[in-house]
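First comes the structure, then the notes that go with it.
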Amino acid sequence: MLATPPSSADASPDEKTAIKSHLHYTQSLTEIPHHQRRSSRWLSRIQRRHVVAILAFLGFCQVYALRVNLSVAIVAMTANRTIISEGNIKTEQDFDWDSKSQGIILSSFFYGYAVTQIPGGWLATRIGGKKMFGLGILVTAIITLLTPLLAWTGFYYLVVGRIIEGIFEGVTYPSIHAVWSRWAPPLERSRLVTIAFSGSYFGTVISLPLSGYLAETFGWASIFYVFGVIAIIWCIVWLIVVSETPQEDKQITEEELDYIRATVGPAANHVKVNMDPPWKRFVTSLPVWAIMLAHFSENWGFYTLLTELPTFMNDVLGFDLKHAGLLSALPYLVMGTVVQIGGQLADYLISNGHLSTTKVRKLCTCGAFIFQTLFLIAAAHATSATAVVACLTVAVGFGGFAWAGFSVNPLDIAPQFASILMGLSNTVATLPGMISPLLTGHLVQRKTPEEWQTVFYIAGGIYLAGAVFYAMFASGKLQRWAELPDGELLCADTHSRASTEDLPFGSGTCGDSD
């Protein structure tokens, strides 16, 4: 039999709080009194879940700064320089990599990145999302500091270094979903998740022009030194300030802790859920496939432009390195802003009952993909530099709404497995990072506008296909295979799926049924 917790009449204040807050995570939020959802006492200060969101935002700034700086640096590393020596004029370059070699270097990151998505999600459920997220960025920062040395040592040393960076960055996206499975109340999921993820785009906005400036002013090697040091400083702050669960946070108020416990459920109560992942259900679930293919579609266009936009600006529009970096960053400034707007809008529509969660996820994802397709095609046929930049900016910017759809979706359909589902999704979504630079390098041989039009057509077609599949099969409902019966939440015998040793009102015991 399941041990019965103390009655509320006999319980201490802490026990009453724990008993009151120990609600099943599938409970309707309308059943929770309004005063439990908001408390004026902790509105006067920054709530701890928002501190986590802000630091996660800065963390994803580091993730993408460390990832994309090479796309600018490689232009400087392979640029011809005019040198006058003893009256003789000659040109030379640090590295004579052709477009195919550059494609190999830029894509090598994603070979490592794909390997650790699923293991990263699984490990995050075992050792904690906070630790995995911090560790992934820390090792990537160290390799970034070593990048100039690796490049001068040899081509393949640099490729291996980028693969190792990818291996450790691969755990970041899955592990942050393990953090949100404990910290994000359902009615705030979209905004908290998108605040964190928007850091990717603001990190891109900062790193692209700053990389161009550093390369022009101090040399390309300075790019890796500056970003590596900044990322290490962030890691120290993250590991000190953020706690794995709300219950472990020493700065959280009782009101906020009570609210998170009541709405999130067992994870926020520090129940150690050891339920085995239903792998077969994952790969046979159409809603899971809808998430994965939507993620693939978004990343195809995003990675194509992320790694190739500075080169496109230089080849087709004739901008120098500094201006190419600045204009390449503009679309991601728009996208970072739209990501946060999309998250706020999605939560507003859901919390006010205007649309179901399923409809909101589909509206955000499919609407974004359709507009991205239209503006990419427009960019392919634009006749002026201003029109091309404007179309690409709008196309990339609309992708921000998609992130309020598919990227939050794992927390809707299987919150306790959200980190693993994000790992699965990001594994599939990493394929564009490996394929797209190689395909672009193969298609763009003479660097003509017609060759780049083909690149944009392919991206637009993939966006459209992703929109159709997601519209047909996505869901915002908790899936049956993800449901955890109440009896399994508190039982710690050989038939249980969870341990209760960390429940605030005691460990309890599981005996044989009578």
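Points to keep in mind about this one:
- Cross-chain or 6+ apart pairs with Cβ under 6 Å, the range 46-71 first and more than 19 Å from Phe224 (Cβ to Cβ), then in a helix (DSSP H, G or I) and acidic (Asp, Glu): Gln47/Glu256
- Condition check for Ser243: within 20 Å of the chain's Cα centre (by Cα), surrounded by fewer than 24 Cβ atoms within 10 Å (Cβ to Cβ), closer than 23 Å to Ile54 by Cβ and not hydrophobic (A, V, I, L, M, F, W, C): yes
- The residue that is farthest from Phe218 (Cα to Cα), counting only those in the range 148-172 that are under 28 Å from the mean Cα position of the chain (by Cα) and of a type in the set (Ser, Thr, Tyr), is Thr172.
- Only one of the numbered conditions (1) crowded, with 21+ Cβ neighbours inside 10 Å; (2) more than 18 Å from the chain's Cα centre (by Cα) is not met by Trp403, and that is (2).
- Of the residues Ser190, Ser200, the single one that is closer than 30 Å to Ala262 by Cα, open to solvent by less than 10 Å² (accessible area, probe 1.4 Å) and not basic (Lys, Arg) is Ser190.
- Taken over the range 231-247, the residue count meeting the criterion of being in a helix (DSSP H, G or I) and under 23 Å from Ile46 (Cβ atoms) is 11.
- Looking across the range 211-225, just one residue is open to solvent by 50 Å² or more (accessible area, probe 1.4 Å) and among the β-branched types (Val, Ile, Thr), and that is Thr217.
- Taking the numbered list (1) modelled with pLDDT under 90; (2) in a helix (DSSP H, G or I); (3) more than 16 Å from Val396 (Cβ to Cβ); (4) open to solvent by less than 50 Å² (accessible area, probe 1.4 Å) in turn, Lys322 passes all entries but (4).
- Close contacts from the range 410-424, counting a first residue that is closer than 8 Å to Pro174 by Cα and a second that is among the aromatic types (Phe, Trp, Tyr) and surrounded by fewer than 24 Cβ atoms within 10 Å (Cβ to Cβ), with Cβ to Cβ under 6 Å and a gap of 6+ residues or different chains, come to Ile420/Trp122.
- Residue count, the range 119-133 (criterion: assigned to a helix (DSSP H, G or I), touching a residue at least 40 places away in the same chain (Cβ under 8 Å) and surrounded by fewer than 24 Cβ atoms within 10 Å (Cβ to Cβ)): 4
- In the set (1) at pLDDT below 75; (2) open to solvent by 50 Å² or more (accessible area, probe 1.4 Å), the condition left unmet by Leu484 is number (2).
- When restricted to residues that are crowded, with 20+ Cβ neighbours inside 10 Å and assigned to a helix (DSSP H, G or I), the range 438-447 contains 2.
- Annotation note: Cβ proximity below 7 Å between a residue of the range 441-462 that is more than 21 Å from Val394 (Cα to Cα) and a residue that is of a type outside the set (S, T, N, Q) and at pLDDT 85 or above (sequence gap 6+ or interchain) occurs for Leu443/Val455; Val444/Val455.
- Scanning the range 248-261 for residues that are within 15 Å of His50 (Cα to Cα) and either part of a helix (DSSP H, G or I) or open to solvent by less than 20 Å² (accessible area, probe 1.4 Å) (or both) turns up Asp249, Glu255, Glu256, Leu257, Tyr259, Ile260.
- Taken over the range 175-187, the criterion of being farther than 24 Å from Tyr113 by Cβ, in contact with a Phe, Trp or Tyr (Cβ under 9 Å, 6 or more places away or on another chain) and open to solvent by less than 10 Å² (accessible area, probe 1.4 Å) is satisfied by Pro185 alone.
Here is a yes/no grid of residues against (1) open to solvent by 10 Å² or more (accessible area, probe 1.4 Å); (2) touching a helix residue (DSSP H, G or I) at 6+ places or on another chain (Cβ under 7 Å):
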residue: Phe110; (1), (2): no, yes
residue: Leu149; (1), (2): yes, no
residue: Thr153; (1), (2): yes, no
residue: Ile163; (1), (2): yes, yes
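- Some residue of the range 406-429 being modelled with pLDDT of 85 or more, more than 29 Å from Leu345 (Cβ to Cβ), buried (at least 17 other Cβ atoms within 10 Å of the Cβ) and in contact with a helix residue (DSSP H, G or I) (Cβ under 8 Å, 6 or more places away or on another chain): no
- Residues in the range 149-184 that are among the aliphatic types (A, V, I, L, M), touching a Leu at 6+ places or on another chain (Cβ under 7 Å) and assigned to a helix (DSSP H, G or I): 3 in all.
- Residue in the range 448-464 that is outside any helix (DSSP H, G or I), among the β-branched types (Val, Ile, Thr) and surrounded by fewer than 17 Cβ atoms within 10 Å (Cβ to Cβ) present: yes
- Annotation: of all residues in the range 46-65 being of a type in the set (Val, Ile, Thr) and open to solvent by less than 10 Å² (accessible area, probe 1.4 Å), the one that is nearest to Leu192 (Cα to Cα) is Val52.
- Count - residues of the range 430-458 that are at pLDDT 90 or above and out of contact with any helix residue (DSSP H, G or I) (no Cβ under 8 Å at 6 or more places or on another chain): 0
- Scanning the range 361-379 for residues that are of a type in the set (A, V, I, L, M) and open to solvent by less than 10 Å² (accessible area, probe 1.4 Å) yields Ala368, Leu376, Ala379.
- Scanning the range 185-230 for residues that are acidic (Asp, Glu) and more than 18 Å from Arg361 (Cβ to Cβ) yields a total of 1.
The values are calculated or read from the model by the stated rules, or taken from the named source; none is laboratory data. Note that the coordinates shown come from a computational prediction; the quantities given were computed from them, not determined experimentally. Heads up, the Cβs are rebuilt from the backbone with ideal geometry, glycines too, and the neighbour counts pull from every protein chain shown. Accessible surface areas use protein heavy atoms only, side chains included; no ligands, DNA or RNA. Shrake-Rupley method; radii C 1.70, N 1.55, O 1.52, S 1.80 Å.
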